[in-house]
1. Kindly state, to the nearest 0.05, the FRET efficiency for Leu437 paired with Asn341, given R0 = 25 Å and r defined as their beta-carbon distance.
2. Under unit Cβ charges (Lys, Arg +1; Asp, Glu -1), what dipole magnitude, rounded to 20 debye, does region 111-181 have relative to its Cα centre?
3. Efficiency by 1/(1 + (r/R0)^6): what FRET value for Asp310 and Asp212, r their Cβ-Cβ distance, R0 = 41 Å, to the nearest 0.05?
4. Treating the angle as unsigned and between 0 and 90°, give the value, to the nearest 10°, between the Cα long axis of helix 4-14 and the longest Cα principal axis of the chain.
5. Quote the relative contact order of region 331-414 in percent (integer), defining contacts as alpha-carbon pairs under 8 Å separated by 6+ residues.
6. Evaluate the charge dipole of the chain about its Cα centre and quote only its size in Debye, nearest 20, assuming +1 on the Cβ of each Lys and Arg and -1 on the Cβ of each Asp and Glu.
7. Tell me, what HN-Hα J-couplings in whole Hz come from the Karplus equation 6.51 cos²θ - 1.76 cosθ + 1.60 at θ = phi - 60° for each residue of region 265-276, using x for Gly and Pro?
8. Rank these for me by crowding, Phe373, Phe227, Phe447, going from fewest to most other beta carbons within 10 Å.
Amino acid sequence: MKNFKGKLQAAAVTGLVLGLVLGLVVACGGGGGASLAGIERLGVSTGTITGFGSVFVNGVEYSTTGTAFDIDDAPGSQSDLQVGQQVTVQWSSVDAGVTRRAVEVFYDDSVEGPITAGSIDLVTQSFVVLGQTVLVDADTSFASPLIDIDSLADGDVVEVSGLLANSVGGVVVRATRIERKAAGGEIEIRGTVSERTVNTFVINGQVVLTTDAIIDAPGNVINNGDFVEVKGTVVNGDGQLVATQVELEDGEDRIGGDGDEAEVEGYVTAFTDATSFSVSGVPVLSSVTATGGTVAPGAKVRVKGEFNADGAIVASQVEVRAGASGSPVDARISALVDSVNVAAGQLVLLGVTIQTDADTRFEDQSNDGVRSFSLADVRAGGNPDFVPDFVEVRGVAQENGTILATLLQRQEPDSQGELRGSLGPRDDPDFTILGVLVETDEFTAFFDVDENEITAAEFFAGAVAPGAEVKVIFSLNQGASTPVLAEDVEIED
């Protein structure tokens, strides 16, 4: 069982097609057929942790009573997991999947190691770790004290959890969570072996030195084309990862028994047509019409269905998901909370109603550190006994003026807030974003897409087109939340 997650990643890299699926034979697999009340149904789900209490993955709750946790190929516990990490859940249900118990949860990071000097690119929102390109987007959670890619530095050791995707330059990791780690600990990388010599090989440009490594493979032999996990503690002066262990993730088995339920979220890594494609290397056969967009190479999708005898998922549902909520994230607000309506799943920031749903990721990075953080834990304004919570919300602007949240993160109070979204009407010296009135004065600084300072007159005269994304930094006001007085106004790409 321990290689299950890694083998899914292996399939994503190699783009294997039907009949060459990597993974695990689920214990007691082959549930098969329709589920009957009281009859155990088995399934496998992969995706993003969206919250705790039990464990929520892709918005679905999995009870963790009696659950085994496999963390980086070793026994662990639920406390080792964090919101935003990619996990695989082997689960069972006796009521047709309405309620689910996690039998085992697998987590393994995508890459862990130092950030290559000079590789942090704020334009492409990317950096390189051990030869692996990591992409950051609005679906990326940063563990405190990190805030965004700007808070990273050359040489920082980071643990990255994400989804593997094909790119023009090769396979990349689309990060869903990034955490800074202490230097001197274990570093690791996964990928396909190339340029094998007696004592070295290469994974995505990273040279691995195997002189003193334990080789966990048949005959203790690693060959070109093998998908492996490499562990070590240091990169030497020649830029080589000095391996302490190299493990072959050979993919001899299937990822589910015939008839087991399946749910996989990831990027399309192989594509014949809309009826035959692979997600994170797992073959999918579909006769259903996809919702949310068009299935195509590189698209992010969520597929539900059942495994067949060949290890492919026969899809009952295919959803194209450009962002965590099914659409690209185009709105962000970091501010004090005006009000909360737990029953409706809503809160208000800067007068804007934020709607949460099952796919919203909840995370508490304040000093309170509530593990099972939810909307019920959020403190709103209007109570003289405490300061309202400072939260960051990312989401998708809706036609009715609300925002559907993909991430809600409570943070320690800041002296500044942030408002980001499509530029609305302008009337010098004011404008709107997401319906929020933004005021400017002689102290407001304006910047173009290249971060060059421009004048207020240029901004209001049309240096940015209506509907373009604009970021506003403003001082927090613990009285009335709006209008906001802008300190910085930045035109985004």
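Laboratory data are not the source of any read-out in this text; all were calculated from the coordinates shown. Please read these numbers as outputs of a predicted model, since none were measured by experiment. Cβ placement follows ideal geometry from the backbone for every residue including glycine, while neighbour counts extend to all protein chains displayed.
1. 0.60
2. Its charge dipole is roughly 160 debye.
3. In this case the efficiency is close to 0.50.
4. 80
5. Once divided by the residue count of region 331-414, the mean separation gives 37 percent.
6. Charge dipole, the chain, about its Cα centre: 1520 debye, nearest 20.
7. With coefficients 6.51, -1.76 and 1.60, one gets 10, x, 9, 5, 9, 8, 8, 9, 7, 5, 9, 8 Hz.
8. Least to most surrounded, the residues fall as Phe447, Phe373, Phe227.
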